[in-house]
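These notes concern the structure reproduced below.
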Amino acid sequence: MAGSTALPLQQLIASLDNTCLPKVLQVCSGVYFQGSIYEISGSEVCFSTGDLIKVIGIELLSVSCEDVINNDKFELPINHTGLFKVVPEDMPYSTVEEMVSLRPVGLESCLPFTFTSHSKMTFGNFTLGVGKALTVLSIERREGEEDQVRCLVRGQQEASAEVCIPLSSRGEFYECESEECFTLQEIMSSSCLRSRRFRFINTTKSAQPFILTPIYQVHAIMHLRKNVLRFPSSLEVDVVDVTEACKDVNFVTPLSLTEVLSQPDESFPAVVEILEGPETRPLFKCSWLAELTKNEQLVFHKKGTSAMVLLSSLKSRKAQQYFLASQQYGGRFRRRPREFNSVFELYVAAVQAPGLTVSVTRNCEEVEEEGLPGLSVGEQLKVVRWDMMELPCGISEGQKQSVEALLCQRLQEEDDGDDDDDDDDEEEVKQENEMEEIFLPLHMQGHFMEVLTDNKKYRLKDMGKEFNLPLDIKVVSRDTELETDPLVGFSCLRIEGAMLEPTIQASFPHRPDHCFEIPTQWLSMSVSFTKEPLPWPSDRPPKCRVDSVTEVTDAFFYEFRKQGNSDEAPPPRPPKRNLSSSDPPKKSSKPSKKASKSKSKHQQDKSVPTKELASLTLNNKRRPPAPPPPVISDDQPPPVAPRKYSSPEMTTGKAQPNTYVKMNDSMKKAPVSNVEADVDSDHDYETVDDNLATMVKKAQENVMFY
């Protein structure tokens, strides 16, 4: 440290900027303690005499204000909006050049400024008296001549004159207070202004002059330490600049993954050491992420840019999964029809892929007042274009309202008719139906499914070229180069978007041939290049097998959607109804043509019973009507139906006497019923005459008085 001057850390750091970094500093003031041991970024660190610190970056945090009179200190944030004035120095300047040199960088923008001379000066025929104020207007630079300042001198009765004074003019000059104001940012950006004293324009804060000193956050690495230190420049440590003397000292240089990408291609492959692992809330769900821990080693094979797609599984009872797949994925896909739950979704898909054809998957009743057409399950619609349609449901009565709509063609399915005589008529009706156009308001809810006629197998890299995203697909053949293909087994996957990602192809030393790609923009970690040999013979590099599919978390998906187009227009709102009429919109009972056609066929078939239906009736004859119930007076209880027996007499249909009640002889001789039962009938109709009703009544009375 011979020949070097020790300075406080605050002062030395304030004299630096990022253009002159890195700088190597050596601690020369003993051990620094704050409390017991200074904790920096979670690591216990102390600065001892002789420690080497390599400053690799500085970041302005705040500004320290020190009162010149009483040495009081306070801090101001860097975004402080107050203005400051320069306080003139009390000591005189011996030359004009010395005074000018202390002005801020970019002197022309800081003109004019005023000074006084306490000595008599003569310039040619012009003599300047003592105490005269001179205002510097500009600096005159002429080739081959001495630089001069052009000044304005005010005399008696507001008379003024201009005079040119050489910069080398000697005397006793004092700077006058200027009306010029500076912001905190302007002061910190000028090394000349930082050396001056200032006062607040608002004197309520402090009328005393003070010195402004920047406080930086220093980014540095220490000799024999591998992590980046971050500490404030206000530490009370004396250091000395030893950059020139320590050119051969090897410092471990921490690099972020983004900085690794800036390394030359000749630096790869190389063995690196992890200095700081990934963040605690990772965006990836893969096997290699758990092994990226501190002090572990990796092999960086090469850097590059990979085309990737983001896939998502369908929402179901299981948790939704997301995958980041490289376009080098070797599996095969087939397209899957997309489902749409509104006409607006149809419109968005049709804009991306014109000529969209869909099939209706749920019936929709027609509502004439709202312009909602009737749709039947199985109908096919071809989206033609976006258009406007008028609805009769205006705000006021009789006024129409224009809404956005989707013009579609209703496609008629081929009908397997049995009548060949009406082929010509059906062909005309078919052609008429094929040209039928309907308007679907964009606010209309519906259920549609895309109609696909393509059964071709595609590679992942080809699907992005031929189709617009998002796209529903299904894996029909796995990638044979993967040990386990995570995309196999899903009934449907959706390609959410594509991206070009800067990546680093890496592997672990114990498996150098099993590689994976690290997307550098989505993973934050710090590494350092080592001089360790590569884990394979120099003449036989391994044949690398790269994992082309990486599972990611839902946080990755949401961050990806944020970076996408977030200015998409929301779905349109339904039109405003006429508030004067309280009746709800009437749903038309008029079905669509396809529904009415199928309904008429069904009714026609139902009116003519077939032979099989006719044979199911009993004896092919109509049943006799049931006899009317007997007339019973109000003062008589209702008759009790006699019990049925399985005796042979039941075949004659005659009622049997009640053996539990003693009856008169006259009643025994009276016939009960002469009506023969219809054996062919499903029901047994029994006739109860008046004598039987009387008999039942007396039997009930005998039982009651028993």
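Residues that are without any contact (Cβ under 8 Å) to a residue 40 or more places away in the chain and part of a loop (DSSP other than H, G, I, E, B) were ranked within the range 489-513; the one that is nearest to R545 (Cα to Cα) is H510. Of all residues in the range 149-160, those being closer than 17 Å to K120 by Cα and modelled with pLDDT under 80 number 2.
Please work out which residue is farthest from P535 (Cα to Cα), limiting yourself to the range 281-293 and to residues that are surrounded by fewer than 14 Cβ atoms within 10 Å (Cβ to Cβ) and either in contact with a Leu (Cβ under 7 Å, 6 or more places away or on another chain) or touching a residue at least 24 places away in the same chain (Cβ under 8 Å) (or both). Across the range 281-293, the extreme among qualifying residues is R281. With respect to V309, is the statement that it is outside the structural domain of L381 (by TED's automatic domain parsing), farther than 27 Å from K456 by Cα and either in contact with a strand residue (DSSP E or B) (Cβ under 6 Å, 6 or more places away or on another chain) or assigned to a strand (DSSP E or B) (or both) true? Considered against the rule, which asks whether it is outside the structural domain of L381 (by TED's automatic domain parsing), farther than 27 Å from K456 by Cα and either in contact with a strand residue (DSSP E or B) (Cβ under 6 Å, 6 or more places away or on another chain) or assigned to a strand (DSSP E or B) (or both), V309 comes out as no. On the given criteria, is F200 more than 21 Å from N18 (Cα to Cα), of a type in the set (F, W, Y) and either at pLDDT below 90 or in the same structural domain as S507 (by TED's automatic domain parsing) (or both)? Yes, satisfied. Being basic (K, R), modelled with pLDDT of 80 or more and surrounded by fewer than 18 Cβ atoms within 10 Å (Cβ to Cβ) is a condition met by at least one residue of the range 468-481.
Yes/no matrix, rows are residues, columns are (1) surrounded by fewer than 19 Cβ atoms within 10 Å (Cβ to Cβ); (2) under 30 Å from G277 (Cα atoms):
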{"site": "L212", "(1), (2)": "no, no"}
{"site": "H223", "(1), (2)": "yes, yes"}
{"site": "N227", "(1), (2)": "no, yes"}
{"site": "E236", "(1), (2)": "yes, no"}
{"site": "V242", "(1), (2)": "yes, no"}
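Considering (1) under 30 Å from T553 (Cβ atoms); (2) assigned by TED's automatic domain parsing to the domain that holds K23; (3) loosely packed, with under 15 Cβ neighbours inside 10 Å, the lone condition that K247 does not fulfil carries the number (1). For the range 299-307, indicate whether the set of residues that are among the aromatic types (F, W, Y) and out of contact with any Asp or Glu (no Cβ under 8 Å at 6 or more places or on another chain) is non-empty. Yes, that holds for at least one residue. In the range 307-318 there is no residue that is polar (S, T, N, Q), surrounded by fewer than 19 Cβ atoms within 10 Å (Cβ to Cβ) and more than 26 Å from the chain's Cα centre (by Cα).
Number of residues in the range 52-93 that are out of contact with any Asp or Glu (no Cβ under 7 Å at 6 or more places or on another chain) and part of a loop (DSSP other than H, G, I, E, B): the value is 12. Restricting attention to the range 123-135, the residues being of a type in the set (S, T, Y) and within 16 Å of T95 (Cβ to Cβ) number 0.
The residue pairs whose first member lies in the range 514-527 and is acidic (D, E), whose second member is in a strand (DSSP E or B), and whose beta carbons are closer than 6 Å, counting only pairs six or more residues apart or on different chains, are E517/S306; E517/T503; E517/Q505.
V63 satisfies every condition listed in (1) in contact with a strand residue (DSSP E or B) (Cβ under 7 Å, 6 or more places away or on another chain); (2) farther than 20 Å from H219 by Cβ; (3) modelled with pLDDT of 85 or more except (2). Residues in the range 447-463 include at least one that is surrounded by fewer than 18 Cβ atoms within 10 Å (Cβ to Cβ), within 30 Å of L391 (Cβ to Cβ), in contact with a Lys or Arg (Cβ under 8 Å, 6 or more places away or on another chain) and modelled with pLDDT of 85 or more. Screening E75 against (1) touching a Cys at 6+ places or on another chain (Cβ under 9 Å); (2) crowded, with 19+ Cβ neighbours inside 10 Å leaves a single unmet condition, (2).
Can we say K465 is basic (K, R), in a helix (DSSP H, G or I) and out of contact with any strand residue (DSSP E or B) (no Cβ under 8 Å at 6 or more places or on another chain)? Yes.
Kindly indicate whether any position in the range 377-388 is surrounded by 20 or more Cβ atoms within 10 Å (Cβ to Cβ), more than 23 Å from L314 (Cβ to Cβ) and touching a residue at least 60 places away in the same chain (Cβ under 8 Å). Taking every residue of the range 377-388 in turn, at least one turns out to be surrounded by 20 or more Cβ atoms within 10 Å (Cβ to Cβ), more than 23 Å from L314 (Cβ to Cβ) and touching a residue at least 60 places away in the same chain (Cβ under 8 Å). When the range 165-179 is limited to residues that are assigned to a loop (DSSP other than H, G, I, E, B) and among the small types (G, A, S), the one that is modelled with the lowest pLDDT turns out to be S178. In the range 142-194, what residues are farther than 15 Å from V87 by Cα and either small (G, A, S) or in the same structural domain as A14 (by TED's automatic domain parsing) (or both)? Result: G144, G155, A159, S160, A161, S168, S169, G171, S189, S190, S191.
The values are calculated or read from the model by the stated rules, or taken from the named source; none is laboratory data. Bear in mind that the values here come from a model prediction, so they are computed numbers and not experimental data. Neighbour counts run over all protein chains shown; Cβ positions are idealised from the backbone, glycine included.
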